[in-house]
Amino acid sequence: MTQAIVEAFADMLEEEALDLARRSLDEGTPPLVVLEACRQAMTIVGNRFEAGEYFVPELILAGEMLREISAMVKPRMADSADAGGPKRGKIVMGTVEGDIHDIGKDIVYFMLDVNGFAVTDLGVDVPIETFVDKVRELRPDVLALSGFLTLSYDAMKNTIQALEAAGLRGGVKVMIGGGAVDDQIRVYSGADAFGADAMAAVGLAKMWTEAS
Ligand code: B12
């Protein structure tokens with residue numbers, strides 16, 4: 001049934017995709033498997049957008065479907081933040097200045113949240129000063145920066161430099177990700193790590209908070 005979710009989602013059949021997701025969860029399909037189907041569908045949607053088959057309305061609908069299925073999946077994750085257990089650690093995140101892409105960031109947020117982290121999402125196009133102010137105020141263990149544009153690499157670098165200038169860099173681990181971000185961008189920006197997907201983000205956050 002998960003392949004059917006991928007197809008319905010990618011073909012913009014909203015009701016069918018939501019119904020299939022609900023039924024497969026009810027039948028015991030692991031929540032992460034359903035989420036992985038959404039990720040595969042998002043990749044297809046992205047490719048169709050690039051090929052000129054889909055336009056902005058399809059991307060917006062895809063984002064909505066993802067949010068709705070995430071809302072179904074979340075209560076079924078055993079380690080959910082909704083379970084009210086102690087938090088593993090504090091994370092501040094956002095899409096960097098000049099960039100409004102948030103589908104990937106929202107998946108990362110969701111995965112960190114259901115894995116028990118206290119996550120503060122600052123949204124998109126987050127000014128450098130806002131990141132600095134929030135790190136000063138909340139003293140998170142991790143700052144997670146998302147960006148999908150080439151322009152975002154400088155925004156990431158400038159954000160990290162501003163943390164340094166504010167004397168806050170030593171107290172927070174910084175991870176970056178999104179789109180074409182890779183290890184070269186980690187070196188360029190001065191981040192501690194880059195993660196290719198939401199599971200990598202969870203792995204890094206766990207490693208850093210368990211070590212401290
Ligand atoms: C959807 C989309 C849009 C939507 C965004 C909707 C939204 N709410 O996010 C809309 C239509 C609004 C849009 C606008 C633009 N876009 Co756009 N967009 C895309 C598209 C098709 C998909 C991106 C996406 O959401 N993928 C789905 C997610 C799930 O992807 P993912 O990478 O697998 O996500 C994982 C990882 O990235 C990782 N991750 C993400 N964040 C983080 C953070 C951390 C810390 C970690 C560890 C991991 C991590 O985890 C995620 C989940 O596993 C891409 C092309 C593509 N195929 O990637 C172009 C693309 C990113 N866009 C592009 C461009 C140019 C633009 C515009 C400038 C277009 C324009 N001329 O107006 C504007 C940008 C405006 C702005 N200021 O930001 C270019 C960027 C090129 C570049 N190198 O700069 C791309 C690559 C398309 C292209 N080939 O030209 N876009």
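Tally time: how many residues in segment 193-212 are under 15 Å from Val174 (Cβ atoms), over 17 Å from the mean Cα position of the chain (by Cα) and assigned to a helix (DSSP H, G or I)? Spell out how you get there, then give the answer.
Step one: filter segment 193-212 for residues under 15 Å from Val174 (Cβ atoms), giving 193-195, 200-201, 204-205, 207-209, 212.
With over 17 Å from the mean Cα position of the chain (by Cα) added as a condition, the list becomes 207-209, 212.
Still in the running and assigned to a helix (DSSP H, G or I): 207-209.
Here the count works out to 3.
If you check Val126 against the conditions, is it within 27 Å of Val73 (Cβ to Cβ), near the ligand (Cβ under 9 Å from one of its atoms) and modelled with pLDDT of 95 or more? Lay out the reasoning, then the answer.
Values: within 27 Å of Val73 (Cβ to Cβ): yes; near the ligand (Cβ under 9 Å from one of its atoms): no; modelled with pLDDT of 95 or more: yes.
So Val126 does not fit the description; no.
Of the residues in segment 124-153, how many are surrounded by fewer than 16 Cβ atoms within 10 Å (Cβ to Cβ) and either in contact with a His (Cβ under 9 Å, 6 or more places away or on another chain) or closer than 18 Å to Asp192 by Cα (or both)?
Within segment 124-153, residues that are surrounded by fewer than 16 Cβ atoms within 10 Å (Cβ to Cβ) and either in contact with a His (Cβ under 9 Å, 6 or more places away or on another chain) or closer than 18 Å to Asp192 by Cα (or both) number 1.
Among the residues of segment 111-123, how many are surrounded by fewer than 22 Cβ atoms within 10 Å (Cβ to Cβ) and within 12 Å of the ligand (Cβ to nearest atom)?
2
In segment 154-175, how many residues are farther than 14 Å from Ile128 by Cβ and either within 17 Å of the chain's Cα centre (by Cα) or assigned to a helix (DSSP H, G or I) (or both)?
So in segment 154-175, the residues farther than 14 Å from Ile128 by Cβ come out as 167, 170-173, 175.
Narrowing further to those that are either within 17 Å of the chain's Cα centre (by Cα) or assigned to a helix (DSSP H, G or I) (or both): 170-171, 173, 175.
The qualifying residues number 4.
Report the residue count in segment 14-31 for those that are loosely packed, with under 15 Cβ neighbours inside 10 Å and either without any contact (Cβ under 8 Å) to a residue 24 or more places away in the chain or within 16 Å of the ligand (Cβ to nearest atom) (or both).
The qualifying residues number 6.
Would you please name the residue that is farthest from the ligand (Cβ to nearest atom), looking only at residues in segment 180-192 that are surrounded by fewer than 16 Cβ atoms within 10 Å (Cβ to Cβ) and assigned to a loop (DSSP other than H, G, I, E, B)?
Asp182
Does Asp154 fit the bill of being of a type outside the set (A, V, I, L, M, F, W, C), more than 27 Å from Arg67 (Cα to Cα) and within 12 Å of the ligand (Cβ to nearest atom)? Show your work before the answer.
Values: of a type outside the set (A, V, I, L, M, F, W, C): yes; more than 27 Å from Arg67 (Cα to Cα): yes; within 12 Å of the ligand (Cβ to nearest atom): yes.
The answer is yes for Asp154.
Could you grab the pairs with beta carbons closer than 8 Å, sequence gap of 6+ or different chains, first residue in segment 182-205 and at pLDDT 95 or above, second one surrounded by fewer than 19 Cβ atoms within 10 Å (Cβ to Cβ) and among the polar types (S, T, N, Q)?
Gly190/Gln161
Does segment 40-60 include one or more residues that are touching a Ser or Thr at 6+ places or on another chain (Cβ under 6 Å) and either near the ligand (Cβ under 8 Å from one of its atoms) or modelled with pLDDT of 85 or more (or both)? Please lay out each step first, then the result.
Taking segment 40-60 and keeping what is touching a Ser or Thr at 6+ places or on another chain (Cβ under 6 Å), we get none.
No, segment 40-60 contains no residue that is touching a Ser or Thr at 6+ places or on another chain (Cβ under 6 Å) and either near the ligand (Cβ under 8 Å from one of its atoms) or modelled with pLDDT of 85 or more (or both).
Mind checking which residues of segment 154-179 are buried (at least 18 other Cβ atoms within 10 Å of the Cβ) and under 20 Å from Lys87 (Cα atoms)?
Listed by number, the residues that qualify are Val172, Lys173, Val174, Met175.
The values are calculated or read from the model by the stated rules, or taken from the named source; none is laboratory data. Keep in mind that this is a model prediction, so the values were computed, not measured. Virtual Cβ from ideal backbone geometry, glycine too; neighbours counted across all protein chains shown.
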